[in-house]
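Worksheet for the structure shown next.
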Amino acid sequence: MATAKKAVAKKEKPVQGTFRFSFGPWNIHEGADSFGPEVRKTIPFNKKLELYKKMGFDGIQFHDDDAVPGCGDGKMTQAQMIKAATELKKTLDNHGLTAEFVAPRMWFNPNTIDGGYTSNDPKCRKYAIERTKRAIDIANALGTRNIVFWLAREGTYIREAKDPVWATERIAEAAQALLDYDKNIRLMIESKPNEPVDHAYIPTIGHAIALGLLTTDPSRIGCLIETAHALLANLCPSDEMGYALAHKKLWSVHLNDQNGLKFDQDLTFGAVDPRRALNQVRVLDKAGYGNNGEWVGLDVKVMRTQKDKGGLKHLEYSRKVFLRLLEISRSLDDAKIEALRAERDYEELNWYILDAILKK
Ligand code: GLO
Ligand code: MG
């Protein structure tokens with residue numbers, strides 16, 4: 001009886017997530033792609049900082065050189081970088097903003113033309129590891145222990161260029177060197193199957209999580225799932241999230257949307273497939289995402305045809321879409337869904353979800 005009561009009580013209070021939003025300065029963008037001019041004026045970094053709170057965002061994501069411009073050029077000392085990051089931390093505090101993570105942006109540096117950690121040139125591999133150590137110093141000064149690994153150029157254009165066993169071991173070795181460098185940091189691997197390289201070595205979240213097993217401290221290797229990156233691997237983003245959540249490894253997300261297997265589009269969240277977006281919001285909410293401080297990152301870019309005016313709409317609307325879908329998800333009757341599952345009446349379940357999304 002007592003157990004039954006407990007179960008009822010548990011049913012009445014379902015687990016729910018806690019949602020705070022973040023984005024990176026690169027998500028306010030000039031609009032140029034590889035084949036076209038810039039379509040919007042650059043907004044200075046300090047102006048961007050003023051926009052976060054106004055749009056309902058409390059967290060800021062950083063590349064190392066967003067935080068400390070020029071940090072990857074080899075001209076600054078470690079002390080200078082830490083000083084600059086410490087100054088920035090004060091500015092963030094003044095704006096009431098929290099740094100979510102720091103990611104080394106290595107892909108623009110000549111040392112990483114053929115990848116950093118997996119470059120065939122030992123000098124380039126050394127550059128990559130040293131640069132990431134500095135990113136850790138910057139993260140510490142900004143008050144975050146989260147380091148994101150988006151392994152942009154760690155892959156090949158032709159398979160014969162690198163040995164895949166060797167390359168995987170080199171990425172693990174880099175991760176190990178960083179875990180050893182700082183016993184407090186944790187790595188969040190952002191998988192992506194292609195672009196800029198043809199085949200990346202960490203294409204999916206399963207690859208990201210498994211990489212931890214090649215280090216001595218898998219507990220400090222987790223992941224960041226980006227909607228578009230899952231779709232580029234032809235996978236379902238909410239199932240990828242479910243997989244990572246089951247492993248307790250989903251430490252951040254980059255929500256956006258994507259029109260099939262094209263270049264990485266970073267469209268407004270839910271813009272292509274609202275149902276797919278609903279399922280992402282739902283899996284996060286049901287798993288209590290955010291209750292341990294995880295952020296909802298929106299890695300979205302405004303359409304490149306958008307004029308200066310309206311250049312922030314993609315961020316505001318992505319957040320709005322998330323919150324509206326959250327309302328829809330929480331309005332669904334779990335008991336009814338359970339009953340339809342038990343009945344195997346998936347047509348009715350399908351309609352129940354469609355009706356909830358299409359309701360006037
Ligand atoms: C590109 C990635 C990129 C990363 C960012 C943080 O495809 O999504 O935007 O998220 O550099 O590491
Ligand atoms: Mg991303």
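The values are calculated or read from the model by the stated rules, or taken from the named source; none is laboratory data. In this text the structure is predicted, and so the values were computed from the model without any measurement. When we count neighbours, we look across all protein chains shown, and the Cβ atoms used for this are built from the backbone with ideal geometry, even at glycine. Heads up: the accessible areas ignore ligands, DNA and RNA and are worked out on the full protein's heavy atoms, side chains in. Shrake-Rupley method; radii C 1.70, N 1.55, O 1.52, S 1.80 Å.
Listed values, structure above:
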{"read-out": "Sole exception among (1) open to solvent by less than 50 Å² (accessible area, probe 1.4 Å); (2) more than 14 Å from Ala287 (Cβ to Cβ); (3) within 16 Å of ligand 2 (Cβ to nearest atom) for Leu235, by number", "value": "(1)"}
{"read-out": "Evaluation of Ala228 against (1) more than 13 Å from ligand 2 (Cβ to nearest atom); (2) under 18 Å from Ser252 (Cβ atoms) (one fails), failing number", "value": "(1)"}
{"read-out": "Wholly within segment 249-357, helices (runs of 4 or more DSSP H) carrying at least 3 residues that are touching a residue at least 40 places away in the same chain (Cβ under 8 Å)", "value": "274-286, 313-331"}
{"read-out": "Any hit, segment 174-196, residues being surrounded by fewer than 16 Cβ atoms within 10 Å (Cβ to Cβ) and either within 16 Å of ligand 2 (Cβ to nearest atom) or at pLDDT below 95 (or both)", "value": "yes"}
{"read-out": "Selected residue (criterion: nearest to ligand 2 (Cβ to nearest atom)) from residues of segment 210-219 that are assigned to a helix (DSSP H, G or I) and open to solvent by less than 20 Å² (accessible area, probe 1.4 Å)", "value": "Leu211"}
{"read-out": "Qualifying residue in segment 161-168 (condition: farther than 28 Å from Thr86 by Cβ, away from ligand 2 (no atom under 16 Å from the Cβ) and in contact with a Leu (Cβ under 8 Å, 6 or more places away or on another chain))", "value": "yes"}
{"read-out": "Filter result for the condition that a residue is in contact with a Ser or Thr (Cβ under 7 Å, 6 or more places away or on another chain) and of a type in the set (Asp, Glu), over Glu100, Glu87", "value": "Glu100"}
{"read-out": "Whichever residue in segment 148-160 is under 13 Å from Ile202 (Cα atoms) and of a type in the set (Phe, Trp, Tyr) and, among such residues, is farthest from ligand 2 (Cβ to nearest atom)", "value": "Phe149"}
{"read-out": "Residues located in segment 271-302, provided they are open to solvent by 10 Å² or more (accessible area, probe 1.4 Å) and either more than 14 Å from Phe19 (Cβ to Cβ) or in contact with an Asp or Glu (Cβ under 6 Å, 6 or more places away or on another chain) (or both)", "value": "Ala271, Val272, Asp273, Pro274, Arg275, Arg276, Asn279, Trp295, Asp299, Lys301, Val302"}
{"read-out": "Segment 239-259, residues that are open to solvent by less than 20 Å² (accessible area, probe 1.4 Å) and among the small types (Gly, Ala, Ser)", "value": "Ala244, Ser252"}
{"read-out": "Of all residues making up segment 259-279, the number that are under 26 Å from Asn146 (Cα atoms) and within 14 Å of ligand 2 (Cβ to nearest atom)", "value": "5"}
{"read-out": "Pair list, Cβ < 8 Å and 6+ apart or interchain, from segment 206-218 residues that are touching a residue at least 12 places away in the same chain (Cβ under 8 Å) and hydroxyl-bearing (Ser, Thr, Tyr) to residues that are surrounded by fewer than 19 Cβ atoms within 10 Å (Cβ to Cβ) and part of a helix (DSSP H, G or I)", "value": "Thr215/Ala172; Thr215/Gln176; Thr216/Gln176"}
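Every residue, every condition in (1) away from ligand 1 (no atom under 16 Å from the Cβ); (2) in contact with a Leu (Cβ under 6 Å, 6 or more places away or on another chain); (3) aromatic (Phe, Trp, Tyr), yes or no:
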| residue | (1), (2), (3) |
| --- | --- |
| Leu213 | yes, no, no |
| Ile225 | no, no, no |
| Asn234 | yes, no, no |
| Phe263 | no, no, yes |
| Phe269 | no, yes, yes |
| Arg275 | yes, no, no |
| Gly288 | yes, no, no |
